[in-house]
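Data first, discussion second: the structure below is written as C-alpha cells.
The values are calculated or read from the model by the stated rules, or taken from the named source; none is laboratory data. Just so you know, these numbers come straight off a predicted model, no measurement behind them. Cβ placement follows ideal geometry from the backbone for every residue including glycine, while neighbour counts extend to all protein chains displayed.
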Amino acid sequence: MSKLALGSRLFLSHLLVTLLGTLTLVVISKISSPRYFILYLERIQGREIVVGPFRRDLIQGFQYAWNRGAFWSVVVGASTAGILSYLVSKRIVQPLIQMEEITKKFAAGNLQERLPSQEIPELDQLASSFNRMAAGLQGVEQRRRDLVTDLSHELRTPLTVIEGYLEGMGDGTLEASPELYQLLSKETNRMRRLVNDLQELSKIEAGYLPIDSQPTALYPILQSVVQRFSDQLVENEKLTLHLDEPLDLPLVRGDMVRIEQILVNLISNAMRYTPQGTIHVTAWEEGDRVWTAISDTGIGIAPEDLPHIFERFWRSDRSRDRNSGGTGVGLAICRRLVELQNGTIEVESQLGRGSVFRFSLPMA
C-alpha cells in the first residue's frame, strides 16, 4: 500500500474502516440477537400466550429475517461507504494535486504562481503558508536581481572613467599629470568603498558581524565624532556642525564601535546633501531609550522617496549621488546596525528644507 497514490490510500483506508465496523456489527448481532429474542419469548410465555409449539418456527423466522436484513444492510452500507469514501478522498486529494502542479511551476521559475484558497481549513492554512513563502522568495529574488543591476551600475561608472583615461594615456592623446593620477585614485577609492560597504552589509545580513553590547556612555562618542567632522569644516564657512549639550544622559546598551559607525554614516550623509546651512546633533532620554538625532538644512527628501531611503542602492537621483561620492549602501548599514543593537531608526524630511535622521538605543 505504501506505493499507492494518496487518493487510493485514503479510499482504501476509509473502506477498510467501514468494512471492519460492519463486520463487527454483524458478528456481535449474529451472536447476541437470537439470544435476546429467546429471552423475549420466555418473558411473554406466561401472559396467556402459548409460544411453545411455535418456538422453533419463530426462532427460524427471526434468524431468516435477520440474515436477509443484515445482508442488504451490508450491501447498501458498504456501497454507500465506498461512494462516500471515493468522493471524500477525491475532495482531499484534488487540492493537493493542484498544489503540486503550482509548486512545480514555482520551482521552474514562475514566481508569480499562488495557491487559491481551499475549503478545507488545514489545506487553506497550508496554501496561505505557501503563498507567504512564495511572496518572500519572490522578494528575495527581486532584491537579488536589483542588487546585481545596481552593483553593475555602480561599478560601471568608475571603471568607464578609469578605462577612458588609461586608453588616452596609452595612445598619447592624454598626458600623465598629478591631477590625472588623483582623478584615477579617486575613482579607485570609490570602487574600494563600494566593495567594503557591500562586504560589511553582507556580513551584517548573514549574522557574521559581532556586536559587543555593553553599558556605554553615548556623549563622549558624540563629542569625538562631531569633533572629527568639525576639523574638516574649518575652511568651509557655508556649513556648520553643532552638538547640543545633553542633560545627564544615561548609559546605553550597545557596541561603541558600531555606534560610532552609525554616527559617521549619518553625519557624512547629512554633510553630503547640505551644501550650506547647519547640521545639529542632539541626544535625549525618552522612556527606556536614548535617542540621537542628526538634523540638517539640506536639500531634503521627497515624500514618495522616504519609504525607500534605507534600502540598499536606492537613490532618487543617481547622477546626483554619483557626483557626491555616495555608494547607496550607508543608510542600509545604519539600519541593520541599529536593529542588531535592539534599536530603531527613523527619518523625517521636507524637500528643500532638510532632513532629520534619529535612532534609539536601549538604556543599560
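Tabulated values for the structure
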item: Complete set of residues in segment 245-267 that are in a strand (DSSP E or B) and β-branched (V, I, T); result: V252
item: Residue list for segment 285-300, filter: charged (D, E, K, R), in contact with a helix residue (DSSP H, G or I) (Cβ under 9 Å, 6 or more places away or on another chain) and in a loop (DSSP other than H, G, I, E, B); result: none
item: Test set (1) β-branched (V, I, T); (2) surrounded by 11 or more Cβ atoms within 10 Å (Cβ to Cβ); (3) without any contact (Cβ under 8 Å) to a residue 60 or more places away in the chain; (4) not assigned by TED's automatic domain parsing to the domain that holds Q199 - I83 fails condition number; result: (2)
item: Index of the failed condition, I259 passing every other in (1) within 17 Å of S355 (Cβ to Cβ); (2) crowded, with 17+ Cβ neighbours inside 10 Å; (3) β-branched (V, I, T); result: (1)
item: Every pair of residues 6+ apart whose Cβ atoms lie under 7 Å, when the first sits in segment 238-264 and is polar (S, T, N, Q) while the second is in a helix (DSSP H, G or I); result: Q261/L337
item: Residues being assigned to a loop (DSSP other than H, G, I, E, B) and within 27 Å of A364 (Cβ to Cβ) - total across segment 228-244; result: 1
item: Out of P210, P215, sole residue that is closer than 22 Å to T344 by Cα, at pLDDT 90 or above and out of contact with any helix residue (DSSP H, G or I) (no Cβ under 7 Å at 6 or more places or on another chain); result: P215
item: Test for V356: is it in the same structural domain as V257 (by TED's automatic domain parsing), modelled with pLDDT of 90 or more and within 22 Å of V226 (Cα to Cα); result: yes
item: Residue within segment 200-217 that is touching a Gly at 6+ places or on another chain (Cβ under 9 Å), more than 20 Å from T278 (Cβ to Cβ), surrounded by 17 or more Cβ atoms within 10 Å (Cβ to Cβ) and aliphatic (A, V, I, L, M) present; result: no
item: From D212, D197, residue being under 15 Å from C334 (Cα atoms), within 38 Å of the chain's Cα centre (by Cα) and among the charged types (D, E, K, R); result: D197
item: Extreme residue, nearest to V26 (Cα to Cα), among residues of segment 78-121 that are charged (D, E, K, R) and at pLDDT 80 or above; result: E100
item: Selection from segment 326-347 of residues that are in a strand (DSSP E or B), touching a helix residue (DSSP H, G or I) at 6+ places or on another chain (Cβ under 8 Å) and not polar (S, T, N, Q); result: I345, V347
item: For A270: the one exception among (1) farther than 21 Å from G354 by Cα; (2) part of a helix (DSSP H, G or I); result: (1)
item: Some residue of segment 207-217 being in a helix (DSSP H, G or I) and not small (G, A, S); result: no
item: Selection count where residues are touching an Asp or Glu at 6+ places or on another chain (Cβ under 7 Å) and in a loop (DSSP other than H, G, I, E, B), scope segment 96-121; result: 3
item: Any chance T278 is in the same structural domain as L241 (by TED's automatic domain parsing), assigned to a strand (DSSP E or B) and at pLDDT below 95; result: yes
item: Segment 152-199, subset hydrophobic (A, V, I, L, M, F, W, C) and not in a helix (DSSP H, G or I), residue surrounded by the fewest Cβ atoms within 10 Å (Cβ to Cβ); result: A176
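Residue-wise test of (1) surrounded by fewer than 11 Cβ atoms within 10 Å (Cβ to Cβ); (2) under 27 Å from L12 (Cβ atoms); (3) among the β-branched types (V, I, T); (4) touching a residue at least 60 places away in the same chain (Cβ under 8 Å).
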{"residue": "V93", "(1), (2), (3), (4)": "no, yes, yes, yes"}
{"residue": "L96", "(1), (2), (3), (4)": "no, yes, no, yes"}
{"residue": "K105", "(1), (2), (3), (4)": "no, no, no, no"}
{"residue": "Q112", "(1), (2), (3), (4)": "yes, no, no, no"}
{"residue": "L115", "(1), (2), (3), (4)": "no, no, no, no"}
{"residue": "F130", "(1), (2), (3), (4)": "no, no, no, no"}
{"residue": "Q138", "(1), (2), (3), (4)": "no, no, no, no"}
